[in-house]
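Please read the structure below before turning to the comments.
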2 protein chains.
Amino acid sequence: MERRLLLVALPGIPPVRPGDAVGGLIIQAIAAAGVELETGDVLAVTSKIVSKAEGRLVGLSDVQPSPEARRIAGLCHKDPRLVQVILDESQAVSRVRPGLLIVRHRLGFVCANAGVDRSNVRPPPDGDAHRADREDAVLLLPLDPDRTAAALRRQIHEATGVAAAVIIVDSHGRPHRMGTVGVAVGAAGLPALEDWRGRKDLSGRPLEHTEVGLADQIASAASLLMGQAAEGTPVVLVRGVPFAPRDGTAAELVRPPDLDLYG
Amino acid sequence: MERRLLLVALPGIPPVRPGDAVGGLIIQAIAAAGVELETGDVLAVTSKIVSKAEGRLVGLSDVQPSPEARRIAGLCHKDPRLVQVILDESQAVSRVRPGLLIVRHRLGFVCANAGVDRSNVRPPPDGDAHRADREDAVLLLPLDPDRTAAALRRQIHEATGVAAAVIIVDSHGRPHRMGTVGVAVGAAGLPALEDWRGRKDLSGRPLEHTEVGLADQIASAASLLMGQAAEGTPVVLVRGVPFAPRDGTAAELVRPPDLDLYG
């Protein structure tokens, strides 16, 4: 049988503002696109719209950097207030160099700047001084993206009758390799980490790679269409990924520190 | 405009043996699938069939391990002959632990076991003692996958009139994250590392992530269909990735050691 994968960037999702219901926007976008959800579909949602809906914006002028934040800011040449925001989102600092601050995020994964992003935070169209929309605002990652993925999955199931899987996608840099790639920071309804133990190859030998980062691979695929932030395609429908549904979470994809030889 | 990505696993590619012409097999498979190649298409080819065609098989009983290979084998609890093969494919050892040997491959990237794989090496159907097909054979990565990608691109262009991009895909584990994902170890005809410097977000601010691992994201997407090795879908056609053609190589994706904080 010919195997196919189809990815569709759902059109028509408006800029998201604090308090917006992301689930409702996705359900509307699915309907507007004339797509019928199918069992096995995955909805890949950029973390940015989840963060914005959650109001995860911090105005830097409200931040009082600690002596530790000032010290690290001196090492990485970043705004001490931004460093404070990053440290508040982190369990531990992994590496500091001029221009670089890599941490273990409170959610467990290792990434640059704890995923705190200055880009794509919209200034208010009316010049309103709402705290969350100020020029100096930075955007934090969602509070609990695994929980948000599960909630979106429930809402979409209720609205459409189909229990699609959901992943929340962020872009991370990587040790050893250049360039960012999409990864799953939240997941529901699929094996984020797929266990191939017991599977055999053509010659009957056990497969060597026994765990596959399924949700990360889907996140990278979806990122190919989400890529250019300015084009506003924050949700991608992914159809045709072969997987057995399971209550997986993106937390499965975090290598525990004691198994991480590059901590 | 609705943006779509389509991936099709090309059916009917037979098991590859040393000396086979991979380009010819791909061109036949495209024709047999009734697909018309289009400008902008990417053909993702698993490194395994390239390696097999190149005869990159080594029989472990032919290998005489050095004292250094024996020493490292004691640390990682692997066959000293396998460790010798891995060291022969490597520039440097990165990490050694029981069960784990992570090296900088001669091609520059960091990965487990230098990509040397025992799985999916077919025993000879007729019991023939051909060196390359013995029970104890291991499969090395292709000799020069960037060059192979460029050669396949040329052959496919000549046969079809379309200059599709080509990537050669392997599966790598990762620091910090669990599970393997597809990465590009060879590439031609696309910006393997895409430079977003100068691009702006919705609010006019420069984008924070200025380099994207485009070919790795395509490799991960294609791996979703290549995944189950036993099902034999070694080539995936990827249509709809937005990129500006360029003579990129997978070497661009290798973080130089002096920029790698996790060497």
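The values are calculated or read from the model by the stated rules, or taken from the named source; none is laboratory data. Quick caveat, the model's predicted, so the values are computed rather than measured. Cβ placement follows ideal geometry from the backbone for every residue including glycine, while neighbour counts extend to all protein chains displayed.
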Q. For the subset of segment A:54-71 comprising residues that are small (G, A, S) and surrounded by fewer than 20 Cβ atoms within 10 Å (Cβ to Cβ), which member is farthest from A:L139 (Cα to Cα)?
A. A:S66
(Q) I'm checking my understanding of the structure. Among residues of segment A:219-232 that are modelled with pLDDT of 90 or more and in contact with a Leu (Cβ under 7 Å, 6 or more places away or on another chain), which one is nearest to B:A222 (Cα to Cα)? (A) A:A221
Q: Mind listing whichever residues of segment A:62-93 are outside any helix (DSSP H, G or I), within 15 Å of A:V116 (Cβ to Cβ) and either not assigned by TED's automatic domain parsing to the domain that holds A:N113 or not hydrophobic (A, V, I, L, M, F, W, C) (or both)?
A: A:P65, A:K78, A:D79, A:E89, A:S90, A:Q91
Q: Starting from residues that are at the interface with another protein chain (Cβ under 8 Å from one of its Cβ atoms) and in contact with a helix residue (DSSP H, G or I) (Cβ under 6 Å, 6 or more places away or on another chain), keep the ones in segment B:232-252 and report whichever is surrounded by the fewest Cβ atoms within 10 Å (Cβ to Cβ).
A: B:T233
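So that you can scan it fast, the table gives a plain yes or no per residue for (1) within 14 Å of chain B (Cβ to nearest Cβ); (2) modelled with pLDDT of 95 or more; (3) crowded, with 24+ Cβ neighbours inside 10 Å:
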site	(1), (2), (3)
A:L140	yes, yes, no
A:R147	no, yes, no
A:I168	no, yes, yes
A:A184	yes, yes, yes
(Q) If the requirement is being within 14 Å of chain B (Cβ to nearest Cβ) and either modelled with pLDDT of 95 or more or touching a His at 6+ places or on another chain (Cβ under 7 Å) (or both), which of these qualifies: A:V8, A:V50, A:V45? (A) A:V8
Q: Could you tell me which residue of segment A:186-203 is nearest to A:V110 (Cα to Cα), considering only residues that are of a type in the set (A, V, I, L, M) and more than 9 Å from every other protein chain (Cβ to nearest Cβ)?
A: A:A187
Q | Every residue from segment B:4-46 that is among the hydroxyl-bearing types (S, T, Y) and surrounded by fewer than 19 Cβ atoms within 10 Å (Cβ to Cβ) | A | B:T39
(Q) If I ask for residues that are part of a helix (DSSP H, G or I) and among the small types (G, A, S), which ones from segment B:1-43 would you list? (A) B:G23, B:G24, B:A29, B:A31, B:A32
